[in-house]
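This report refers to the structure that appears directly beneath it.
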Amino acid sequence: NYSSISMKSLVATILASAVSAACEHDHEKYHSFSHSLAQFEFDWEPYTVTTEDGYLLTMFRLQGPIGNVPVYREAKRSVLVMPGIGMSADSWFNSPLYGEPMPIALYQAGYDVWLGNNRGTHHSLKHMELDHVHDAEEYWNFSFAEMGERDLPAMMKTIKYTAQQDVDNPRILHSDKLLYIGYDQ
């Protein structure tokens, strides 16, 4: 039936536009990360993670080269790539003199790549109840211990949950284990 096909086409177009608009909005919202990654022409998606003590952390998941059909190699595990303390995920892409950044190389090798941002970095300044400026004393009352004890488990739980929901993605080796790469922590 022509009207049924036409309606399905219209719905698909609207959904595609909504997804595209959401991606563009995300790229504007996370301008510094988007700018850092733009030179490598890689797409990404943000995820918000809530820690047990109310901090809202942003993680970025690499989606692949912009405009290219993904090439699926042997499925590999998810990997969480963390920057140094006080740094954001942008830092992995800000030194192009050294060739291809490690997160992109990992993606190209078949890994499901996630980039984390600890509490207090510019991508993870929000809290469910506290404002980092108006409630500064209480908001900033944490150390690197909370980053390891609360931030990392929350991020890892989100990665595992998302991978379990993404059962049709041939890039992902569905496993209870994930890899962690970080420095300066």
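Summary of computed values
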read-out	value
FRET efficiency estimate (nearest 0.05) - Cβ-Cβ, residue 47 to residue 94, R0 25 angstrom	0.70
Neighbour-count order for 162, 48, fewest beta carbons within 10 angstrom listed first	48, 162
Residues 156, 102, 82, sorted so that the one with the fewest Cβ neighbours within 10 Å comes first	102, 156, 82
Total formal charge among the other residues, if their Cβ is under 10 angstrom from that of residue 119, Lys/Arg +1 and Asp/Glu -1	-1
Proximal charge balance of residue 147 [Cβ under 12 Å; K/R count +1, D/E count -1]	-3
Amide proton proximity set for residue 63, modelled H, under 5 Å, gap of 5+	43, 44, 45
Pairs beyond 19 Å (Cα-Cα), from 29/76; 126/160; 29/126; 29/160	29/76; 126/160; 29/160
Residue 40 paired with residue 28, simple spin-label distance in nm, labels 7 Å along Cα-to-beta-carbon	2.6 nm
Relative packing of peptides 112-121, 33-42, 85-94 - highest average C-beta neighbours within 10 Å first	112-121, 85-94, 33-42
Reachable aspartates and glutamates, given that their alpha-carbon falls under 19 Å from the alpha-carbon of residue 177 and they are not under 8 places away in the same chain	74, 112, 149, 151, 166, 168
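Readers should treat all values here as calculations from the given coordinates under stated rules, not as data from a laboratory. Keep in mind it's a predicted model, so treat the numbers as computed, not measured. Glycine gets a Cβ as well: all are built from the backbone with ideal geometry, and neighbour counts include every protein chain shown.
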